[in-house]
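We did not get these values from a lab; they are worked out from the coordinates using the rules stated. Since the structure is predicted, the reported quantities are computational estimates derived from the model, not experimental observations. Here the Cβ positions follow ideal geometry from the backbone for every residue, glycine too, while neighbour counts run over all protein chains shown.
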Amino acid sequence: MAVPAKRAAVASSSSSASRSRRSRHLAFFSSLPQYVDSGDCTWVCEFCGAYFWYVERVGKFSRPGHLRYSHCCRDGGVVLPYPPAFDHQFVALYQNVTFMKDIRAYNSMFSMTSFGANVLD
Ligand SMILES: [Zn+2]
């Protein structure tokens, strides 16, 4: 099928623009380091016990052997209360094999039961 000249020019420029964008993306991603290993997330905040990677330490307050992290609790300034204990019936649900086998179906079934709509008569 023959493409009119004007449409062919548009299609051609669109294709070359797409190819140019794709090549810019490839150039950008190929310029990035392929893999950076930050080690394991094993460093712990001394105040709240949150886990961090070594590179997340607060540089100017950290010393060798004593790393400081403040992104979690602002140096112990934020203390959250422990959540209340769950009801034993709720906990028993998660220990029920049948419930755990069918939990996906339960979630799907109840996902649209309350969506906050106001019904007008
Ligand atoms: Zn903390």
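Give me the extension gain from MET109 to SER38: residue separation times 0.36 nm, minus the current Cα-Cα distance, reported in nm with one decimal. List each step's numbers first, then the result.
Numbers: separation 71, 0.36 × 71 = 25.56 nm, distance 4.16 nm.
Using 0.36 nm per residue and subtracting the Cα-Cα distance, I get 21.4 nm.
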Worksheet, complete the sentence: For the chain, the charge dipole (Cβ of Lys, Arg +1; Cβ of Asp, Glu -1; about the Cα centre) points to a positive end, and the Cα of PHE29, TYR106, ALA50 closest to that extreme belongs to PHE29
Fill in: Cβ charges +1 (Lys, Arg) and -1 (Asp, Glu), total dipole of the chain, debye
1040 debye
Worksheet item: If you find the alpha carbon centre of the range 24-38 and of the range 57-119, how far apart are they in angstrom?
Response: 34 Å
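Can you give the helix-only mean residue ellipticity at 222 nm for the chain, where every DSSP H stretch with n ≥ 4 adds -39500 (n - 2.57) and the sum goes over all residues, rounded to the nearest 500 deg cm²/dmol? Please list the in-between numbers first.
Values: 3 runs with 49 residues, N = 121.
That comes out to -13500 deg cm²/dmol.
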Item to complete: Report, in cubic angstrom per residue, the convex hull volume of the C-alpha atoms of the chain.
Response: 442 Å³
